[in-house]
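Read through the structure below, which is laid out as structure tokens, and then see the notes.
The values are calculated or read from the model by the stated rules, or taken from the named source; none is laboratory data. Treat the numbers as computed from the prediction; the structure is a model and nothing was measured. Cβ: placed from backbone, ideal geometry, glycine included. Neighbour counts: every protein chain shown.
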């Protein structure tokens, strides 16, 4: 049967806010280079708009948005800004170098937000929205206006502010369910009434941005599409504040799987979904739950006998999508010590990595080392090699060896060798268990006061020689949270790698923040005190290195 032609009026713009709203998930802080890496993958996924950040929020956010604007091609690059002049100008300076750019300005419109948060009258809020949109139009003709907390706003007031925003030059109007309050049926009615009552609604694209506090973010996003919205704001893996945002992969695959009842479609390259999901999970340190729709590890798994029987007869009995439609490889090909460089590079390409020559050389050497420990090396093993050994930030501290004595009546004792810069340091420590002793030892060497926020371990390959993957989340003096992952056939070594990676990430972030503040000449006294503390700790680590 011939495929029906897709109408452009039914095309849904996918606005990805993983790098802005997604990064607001506790513990999801990304470095500038990690943000660039995610943005490049979002371009391969073919999202229409990347909301790269909130440039006024911090020097780091500005730098990331500017870097993405200069180096990521294809999608429109958007910067979020409040209605203040300084916010708008800062956002424009961050996105102005993009091939296609957008300014996204917003203000709260619900009675509780206007009164309690803004301390403004509805009339003042309308004026602020008009002025902000007009100011954005001086820089670009691609302006989005959002009514924060729209689903708890009064409909007549929404109609008024949306009409004025469009008159001022807004080309996209976003109606967010900011606190995840709406029900799908009321969202349909609300959006239809809004579009029909606003006289100039035909001059703008209507959008929605739904949060998942009641587990209805995707349902409300689809309801908005049914009502006439032609842009959806969403994130990879549903990341976001509190319970998260509408999940990009769920919205896209719902539209793709049910064209019989939903004509709207997207331009997403769905075979890049799984790869994108895994990348975001890695750089944020927030793993995807196994039963997560589309990208969870159980999404295409079948254990019940009756299900397996049906699957063997016809996959369509229990699968409404093909795993390969999201880029989930079903290949069972494994490599071993006799595999050559060419086969290794082919495998890297197959599972989605693009490395330069130096990175390939290092990864191949690590692969050969692993082959001496394992008979067969799987896709997951190779992913662990690339993610743990290749794609990392500069190493202030580099692990050399880990030795632990424990068991019976012996107190767990760790002995660690580590590079601090170019100097080799050896240290020993006692702990309540093998991992604790290792972490006590690393804290001695680094001189960092670290709080372990979370520790998790899982097997990423099968068999008794499986690679174990450890994920840790740590907090330093400033309470920012950093994630580290480590993989090894030795779980204690994996734990040490993960902890060291998180510390290196924390130091890298801290040094960048200090550098940016020094460059801007706005270093507060508090930060100066922290710098002194950091110097003291660095001295302490250096003294140990000399010993």
Matching residues, segment 1-56, being surrounded by fewer than 18 Cβ atoms within 10 Å (Cβ to Cβ), without any contact (Cβ under 8 Å) to a residue 60 or more places away in the chain and under 12 Å from the mean Cα position of the chain (by Cα): none
Residue in segment 218-226 that is assigned by TED's automatic domain parsing to the domain that holds residue 49 and farther than 30 Å from residue 294 by Cβ present: no
Search result, residues across segment 1-38 that are at pLDDT below 85, closer than 19 Å to residue 54 by Cβ and not in a helix (DSSP H, G or I): 25, 26, 27, 28, 29, 30, 31
Residue in segment 31-43 that is in contact with a strand residue (DSSP E or B) (Cβ under 7 Å, 6 or more places away or on another chain) and under 19 Å from residue 172 (Cα atoms) present: no
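Does residue 322 qualify as being modelled with pLDDT under 90 and over 20 Å from residue 45 (Cα atoms)?
Numbers: modelled with pLDDT under 90: yes; over 20 Å from residue 45 (Cα atoms): no.
Criteria not met by residue 322.
Determine, yes or no, whether residue 91 is closer than 22 Å to residue 136 by Cα, surrounded by 20 or more Cβ atoms within 10 Å (Cβ to Cβ), free of Cβ contacts under 8 Å to residues at least 40 places away in the same chain and over 17 Å from the mean Cα position of the chain (by Cα). Give the derivation first.
Values: closer than 22 Å to residue 136 by Cα: yes; surrounded by 20 or more Cβ atoms within 10 Å (Cβ to Cβ): yes; free of Cβ contacts under 8 Å to residues at least 40 places away in the same chain: yes; over 17 Å from the mean Cα position of the chain (by Cα): yes.
Yes.
Going residue by residue through segment 421-432, is there one that turns out to be under 30 Å from residue 338 (Cα atoms), touching a helix residue (DSSP H, G or I) at 6+ places or on another chain (Cβ under 8 Å), outside any helix (DSSP H, G or I) and at pLDDT below 95?
We begin by selecting, within segment 421-432, every residue under 30 Å from residue 338 (Cα atoms); these are none.
Scanning segment 421-432 turns up no residue that is under 30 Å from residue 338 (Cα atoms), touching a helix residue (DSSP H, G or I) at 6+ places or on another chain (Cβ under 8 Å), outside any helix (DSSP H, G or I) and at pLDDT below 95.
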